[in-house]
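One structure is given below, encoded as structure tokens.
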Amino acid sequence: MVDTSGPSTPSSTPTASEGPRDRTPLTRAWISVALVPVFFFVAFAAAQGIYALTGYDPSAGATPPLWADLVAGIPALLILFLPCAGAVVYGLRARREGARVGLVPAVIGALVAVGGVLLVVLQ
């Protein structure tokens with residue numbers, strides 16, 4: 001005979017994705033912080049590649065025009081913002097779910113994003 005009385009596991013047993021002790025947002029926030037250096041180098045390579053495609057070499061001492069700076073800087077910032085945004089979003093989500101330490105990766109992500117903007121603007 002087949003038991004049709006209900007689920008085979010008790011309903012009071014929490015699964016891995018339930019409960020107040022769910023660490024997924026906090027883990028994702030710290031993974032995002034760890035990926036910031038990787039994305040920084042990718043953003044730098046992308047900006048240098050775009051400069052090369054436009055025919056300007058800022059490392060040679062020549063000052064490229066504003067349009068070349070914008071064409072190279074905006075995609076580089078967008079690339080750098082990806083892990084920063086993940087750190088902020090998941091860090092704040094973890095804090096909202098009760099992990100007070102979630103504020104740390106959120107602040108780190110926000111500071112790196114602001115630093116990236118300053119780096120591109122003051123270049």
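Give me the one-decimal Kirkwood hydrodynamic radius in Å for segment 24-121, with the sum taken over alpha-carbon pairs.
14.1 Å
The equivalent ellipsoid of segment 35-91 has semi-axes of 26, 11, 8 Å, largest first, where each one is the square root of 5 times an eigenvalue of the Cα gyration tensor. The order of the peptides 115-122, 73-80 by mean Cβ neighbours within 10 Å, most packed first, is 73-80, 115-122.
FYI, it's all coordinate maths here, none of it is from the lab. Quantities reported herein were computed from a predicted structural model and do not represent experimental measurements. So basically every Cβ, Gly included, is an ideal-geometry build from the backbone, and we count neighbours across all protein chains shown.
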